[in-house]
Amino acid sequence: MKIIAIYVYEKTLSMASAYNMSSSTVGDASSTIIELHTDSEHIGYGEICPTGPLPQPEHAGSIRADLELLAPALIGLDPVLIGQVLAAMNSTMDGGIGAKSAIDIACWDLLGKATGRRVCDLLGGPFTDPVSTYHVIAIGTPDESASSAEHLQNDGHTKLQLKAGGRRIEDDIDAARAVAAVIRPGVDLFVDANRGFSVEQAIQFSHACAGLRLNMEQPCHTYEECAAAKPSLVHPLLLDESAKDLATVAKAISSGVANGFGMKLTRVGGLSGMRAIRDLCIATNTPTSFDDSWGGDIIASACVHIGSTMPPALSRGAWISHPYHQCHYDETNGPRIEGGRVAIPSGGPGLGLVIPTGYFGTPLASHN
Ligand code: 0XW
Ligand code: MG
């Protein structure tokens with residue numbers, strides 16, 4: 001099989017409900033879709049959709065510029081030989097991990113379609129289907145946060161991520177106490193400041209919440225600040241934004257800075273990069289989630305496929321943004337949350353999606 005054309009599309013994902021994080025509010029998101037056309041009947045789909053400055057340094061414009069550079073180097077390559085595709089991209093440009101991740105996901109989709117296997121099977125096989133997910137509670141008052149936590153648990157959610165940061169630390173402490181008071185046995189609570197706490201605030205928060213069963217996710221802006229806070233924290237520490245590649249993840253585990261991770265596929269090289277991190281987490285008994293900043297059915301499917309291959313005891317769930325936008329590229333198989341879990345898309349091999357021809361309209365760029 002050979003790549004004969006690459007098409008790049010824009011898809012706007014309109015917000016259905018508010019989503020506030022410590023220093024940004026997610027508005028309508030501009031997703032970038034990749035179609036890899038081959039000399040077989042198969043088309044591979046990739047996607048990347050960063051939201052604001054928090055989860056990764058890239059944005060829609062920079063990703064599309066990177067794709068202009070990368071796409072010509074891919075024409076004529078066999079997409080199933082993913083290591084060679086990644087090597088060709090790395091010898092074309094340094095950086096551009098987001099664009100490279102979207103191409104990587106499209107290659108895995110093609111590998112599945114070419115072999116008649118689901119991506120989750122090629123990644124080692126699923127342990128669970130449906131796959132556990134976690135749900136965000138946006139920044140709000142203690143009453144609003146506690147009431148969201150109640151509703152989500154009633155809907156079957158067993159993993160809740162309370163957003164924090166960007167306001168008085170006392171407000172975050174009050175919200176965490178209010179949510180912790182309604183958390184039921186067997187439900188996990190993560191307080192995610194998305195880099196919004198200073199080192200002092202992280203320590204103050206942890207001590208004020210000392211009796212509460214929760215994990216702290218990416219409290220401070222940098223790896224170094226999280227590492228400085230860590231010895232004084234009472235709670236387990238999860239890294240998200242600072243866990244930017246495999247080497248950093250390895251360092252965070254071996255130095256004891258991180259007790260687990262919130263991981264974004266398109267920050268670490270797509271399914272290939274995430275597979276390496278998954279394996280390191282399994283080898284070191286370290287929990288991780290399988291997320292992305294945002295995105296539609298393609299990125300959600302990628303997260304669910306690889307999320308299913310994590311032993312459940314170490315899985316913090318696969319996160320999808322579908323509750324916050326109501327768009328499906330594949331109305332039948334597009335991932336959706338039911339009872340706090342998401343089924344592996346079952347529309348066929350690869351990512352399991354059947355996207356109607358022409359769904360994304362006129363391409364922003366064509367390479368052939
Ligand atoms: C819940 N997420 C995966 C989506 C948002 O973009 C940020 C995020 C997180 O965990 O920080
Ligand atoms: Mg996070």
Picking from Leu246, Leu265, the residue that is more than 13 Å from ligand 1 (Cβ to nearest atom), assigned by TED's automatic domain parsing to the domain that holds Phe127 and among the aliphatic types (A, V, I, L, M) would be Leu246
Restricted to the stretch 39-65 and to residues being more than 30 Å from Ala193 (Cα to Cα) and buried (at least 23 other Cβ atoms within 10 Å of the Cβ), the residue nearest to ligand 1 (Cβ to nearest atom) is Tyr45
Those helices (runs of 4 or more DSSP H) completely within the stretch 234-353 that have 1 or more residues that are in contact (Cβ under 8 Å) with a residue 60 or more places away in the chain, open to solvent by 10 Å² or more (accessible area, probe 1.4 Å) and among the polar types (S, T, N, Q) are 270-283
Counting only residues in the stretch 150-169 that are assigned to a helix (DSSP H, G or I) and crowded, with 19+ Cβ neighbours inside 10 Å, the one farthest from ligand 1 (Cβ to nearest atom) is identified as Ile169
Going through the stretch 56-78 in order, the residues found to be assigned to a loop (DSSP other than H, G, I, E, B) and touching an Asp or Glu at 6+ places or on another chain (Cβ under 9 Å) are Gln56, Glu58
Selection over the stretch 216-233 where residues are surrounded by fewer than 23 Cβ atoms within 10 Å (Cβ to Cβ) and either on the phi > 0 side of the Ramachandran plot or among the acidic types (Asp, Glu) (or both) yields a count of 2
A careful count of residues in the stretch 198-233 that are free of Cβ contacts under 8 Å to residues at least 12 places away in the same chain and either touching a helix residue (DSSP H, G or I) at 6+ places or on another chain (Cβ under 9 Å) or not assigned by TED's automatic domain parsing to the domain that holds Glu170 (or both) gives 2
When restricted to Ser308, Ser315, Ser301, Ser321, the only residue more than 16 Å from ligand 1 (Cβ to nearest atom) and at negative phi is Ser308
Expected single match for of a type in the set (Val, Ile, Thr), touching a residue at least 24 places away in the same chain (Cβ under 8 Å) and over 19 Å from Ile298 (Cβ atoms) among Ile75, Ile48, Ile103 is Ile75
Quick check on Phe190: is it within 16 Å of ligand 2 (Cβ to nearest atom), part of a helix (DSSP H, G or I), in contact with an Asp or Glu (Cβ under 9 Å, 6 or more places away or on another chain) and in the same structural domain as Arg167 (by TED's automatic domain parsing)? no
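Matching residues to (1) on the phi < 0 side of the Ramachandran plot; (2) hydrophobic (A, V, I, L, M, F, W, C); (3) open to solvent by 10 Å² or more (accessible area, probe 1.4 Å); (4) more than 26 Å from the chain's Cα centre (by Cα):
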site	(1), (2), (3), (4)
Asp171	yes, no, yes, yes
Ala176	yes, yes, no, no
Asp188	yes, no, yes, no
Ile203	yes, yes, yes, yes
Ser206	yes, no, no, no
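The values are calculated or read from the model by the stated rules, or taken from the named source; none is laboratory data. Since the model is a prediction, treat every value here as computed from it, not as a measurement. Backbone-built Cβ (ideal geometry, glycine too); neighbour counts: all protein chains shown. Note: areas computed on protein heavy atoms with side chains; ligands, DNA, RNA excluded. Shrake-Rupley method; radii C 1.70, N 1.55, O 1.52, S 1.80 Å.
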